[in-house]
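In what follows, a structure is listed as structure tokens, so that the remarks can point back to it.
The values are calculated or read from the model by the stated rules, or taken from the named source; none is laboratory data. Given the structure is predicted, the values throughout are model-derived calculations rather than measurements. Cβ sites come from the backbone with ideal geometry, for glycine too, and all protein chains shown count toward neighbours. In case anyone asks, the SASA skips ligands and DNA or RNA and just uses the protein heavy atoms, side chains included. Shrake-Rupley method; radii C 1.70, N 1.55, O 1.52, S 1.80 Å.
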Amino acid sequence: DAGITQSPRHKVTETGTPVTLRCHQTENHRYMYWYRQDPGHGLRLIHYSYGVKDTDKGEVSDGYSVSRSKTEDFLLTLESATSSQTSVYFCAISVVPPSETYEQYFGPGTRLTVT
Amino acid sequence: TQLLEQSPQFLSIQEGENLTVYCNSSSVFSSLQWYRQEPGEGPVLLVTVVTGGEVKKLKRLTFQFGDARKDSSLHITAAQPGDTGLYLCAGAFWNNNAGNMLTFGGGTRLMVKP
């Protein structure tokens, strides 16, 4: 357990409204990631962060923005939600075990429905 | 974009049968990870393979990394209903900014019937 929580766990919102999802970690990990999961696509990277105020785009970043003002919190914002953003969103962190193999651990996910 | 093709997409078998899931790419990865995901939860890391040709065993699960580090397989012996779930492979490569970048396969949804 890497101490990752996500909120909310479920949300239904209307097209055109802004939505913010929160990822919180308790272990001061440097690297944090936001993914979306859709059937048949596995997980696709939206944005990532490599430190406080240090973020960059992933594979599917259009329509999303992120912020990281504290080590423990990584926020994902849908600026104007669309039905194509209906998905399950996962936050992840990277840890470095003694073997130096970087591995990612995932939060429980947020199911977002845009109507 | 580095692509990982995972097959089969769906697999429904009887308890006690063996199965193999494949993960293939034209790209070389520094390591390859296998995850298992249950409904309503996040993926959980099962194993990381790092060296070309490496084989790791986790009880009835055997993971192999291809010699060229482009492909991997997961073999389950004598499958049990508790093995039911979504299996995901992920190829890893290091990025100086992002840290450990993962490219995921599309997943294999396994159902093991009693």
Is it the case that some residue within region B:72-85 is of a type in the set (D, E), outside any loop (DSSP other than H, G, I, E, B) and open to solvent by less than 30 Å² (accessible area, probe 1.4 Å)?
yes
Evaluate region A:12-28: report whether one residue or more is within 9 Å of chain B (Cβ to nearest Cβ), surrounded by fewer than 18 Cβ atoms within 10 Å (Cβ to Cβ) and under 22 Å from B:Y35 (Cα atoms).
no
Answer yes or no: is there a residue in region B:13-22 that is assigned to a loop (DSSP other than H, G, I, E, B) and either under 14 Å from the mean Cα position of the chain (by Cα) or closer than 20 Å to B:N95 by Cα (or both).
no
Apart from one, (1) buried (at least 19 other Cβ atoms within 10 Å of the Cβ); (2) in contact (Cβ under 8 Å) with a residue 12 or more places away in the chain all hold for A:E72; the odd one out is (1)
Spot the failing condition for B:T51; the list is (1) open to solvent by less than 10 Å² (accessible area, probe 1.4 Å); (2) within 14 Å of chain A (Cβ to nearest Cβ); (3) farther than 27 Å from A:V60 by Cα; (4) not small (G, A, S), and only one is missed.
(1)
On the basis of being touching a strand residue (DSSP E or B) at 6+ places or on another chain (Cβ under 8 Å) and touching a residue at least 24 places away in the same chain (Cβ under 8 Å), does A:R44 make the cut?
no
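Conditions (1) closer than 24 Å to A:Y31 by Cβ; (2) in contact with a His (Cβ under 7 Å, 6 or more places away or on another chain); (3) more than 9 Å from every other protein chain (Cβ to nearest Cβ), marked per residue:
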residue: B:S25; (1), (2), (3): yes, no, yes
residue: B:Y35; (1), (2), (3): yes, no, no
residue: B:K57; (1), (2), (3): no, no, yes
residue: B:D71; (1), (2), (3): no, no, yes
residue: B:P81; (1), (2), (3): no, no, yes
residue: B:T84; (1), (2), (3): no, no, yes
residue: B:W94; (1), (2), (3): yes, no, no
residue: B:T103; (1), (2), (3): yes, no, no
residue: B:G107; (1), (2), (3): yes, no, no
